[in-house]
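Only one structure is covered here, and it is reproduced in the block below.
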Amino acid sequence: MLSPQQIETMIREALPDADVTVREYSGGGDHFQVAVASKAFAGKSRVAQHQMVYGALKGHLDDGVIHALALQTSVKE
Amino acid sequence: MDIKERIQQEVSSNKIVIFMKGTKEMPQCGFSGQVVQVFNVLGVPFETRNVLEDAELRQGIKEYSNWPTIPQVYINGEFVGGCDIICEMYQSGELQPLVEKALQA
């Protein structure tokens, strides 16, 4: 099981300038709502932006530790 | 036919295809259900494929798209996104013209 704090840390490791908010919403510790704003997203498609966040989460979507992820990305000014 | 070829055929022979959990009549996941709802509201024809009934597809589509989650929406052979992206594009008004253009092509 991962905590929101751990998820935030992983994302910040990959995107050091990011504003990150993480909320767990199922009560079961594996459904997360995440919002990330970073300058690194500038000029990238939404798919590419989301892939950067997925990459930061180090395979935890594949291994099922994160069951669901609602993700919102935006470019930080 | 290996799974890559199978997926390739699905996305090239259907203008809009959603790889999802469940079917359009009976989605079996909140995110998949949301995506189906968006396309129902748009009132356009679309296909769905149920990954819960096909373990090879469930894994294969993630590798094919380089995207770890389901649902996955393909329009005109191109991966457009999952639930978050589709819903965002719908709300911003970007999705409708993209869909219309695809159906005309």
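Read the figures in this text as sums done on the coordinates, not as results from a lab. What you are looking at is a predicted structure, and each value in this text was computed from that prediction instead of being measured. Glycine gets a Cβ as well: all are built from the backbone with ideal geometry, and neighbour counts include every protein chain shown.
Residue count for segment B:59-105 under the criterion of being closer than 17 Å to B:GLY43 by Cα and either facing chain A (nearest Cβ under 10 Å) or part of a helix (DSSP H, G or I) (or both): the result is 16.
Restricting to segment A:45-56, name every residue that is among the β-branched types (Val, Ile, Thr) and more than 9 Å from the chain's Cα centre (by Cα). Once the filter is applied, which keeps residues that are among the β-branched types (Val, Ile, Thr) and more than 9 Å from the chain's Cα centre (by Cα), segment A:45-56 yields only A:VAL47. Do we have any residue at all in segment B:4-27 that's part of a strand (DSSP E or B) and surrounded by fewer than 18 Cβ atoms within 10 Å (Cβ to Cβ)? No, there is no match, as no residue in segment B:4-27 is part of a strand (DSSP E or B) and surrounded by fewer than 18 Cβ atoms within 10 Å (Cβ to Cβ).
Selection within segment A:21-44: residues that are within 12 Å of another protein chain (Cβ to nearest Cβ) and assigned to a loop (DSSP other than H, G, I, E, B). The member of this set that is farthest from the chain's Cα centre (by Cα) is A:SER26. Applying the set (1) more than 20 Å from B:GLU63 (Cβ to Cβ); (2) part of a strand (DSSP E or B) to A:LEU69 leaves exactly one unmet item: (1). Exactly one residue out of A:VAL47, A:VAL53 is more than 18 Å from B:CYS29 (Cβ to Cβ), of a type in the set (Val, Ile, Thr), more than 9 Å from every other protein chain (Cβ to nearest Cβ) and not in a loop (DSSP other than H, G, I, E, B), and it is A:VAL53.
Scan segment B:36-55 and tell me whether some residue there is among the charged types (D, E, K, R) and within 20 Å of A:VAL53 (Cβ to Cβ).
no
Across segment B:29-50, not a single residue is classified as assigned to a helix (DSSP H, G or I) and closer than 15 Å to B:ILE3 by Cβ.
Take the conditions more than 14 Å from chain A (Cβ to nearest Cβ), buried (at least 20 other Cβ atoms within 10 Å of the Cβ) and either among the hydroxyl-bearing types (Ser, Thr, Tyr) or in contact (Cβ under 8 Å) with a residue 12 or more places away in the chain (or both) and apply them to B:VAL36. Does it pass? Yes; evaluated as a whole, the condition is true for this residue.
Within segment A:1-22, residues that are touching a residue at least 40 places away in the same chain (Cβ under 8 Å) sit with their Cβ atoms under 7 Å from residues that are surrounded by 12 or more Cβ atoms within 10 Å (Cβ to Cβ) and among the hydroxyl-bearing types (Ser, Thr, Tyr), at 6+ positions apart or across chains, in these pairs: A:LEU15/A:SER38; A:ASP17/A:SER38; A:ALA18/A:SER38. With respect to the conditions (1) within 12 Å of the chain's Cα centre (by Cα); (2) within 11 Å of chain A (Cβ to nearest Cβ); (3) more than 23 Å from A:ALA48 (Cα to Cα), B:PHE31 falls short on a single one, namely (3).
In this structure, is A:VAL65 hydrophobic (A, V, I, L, M, F, W, C), within 14 Å of chain B (Cβ to nearest Cβ) and surrounded by fewer than 17 Cβ atoms within 10 Å (Cβ to Cβ)? Yes.
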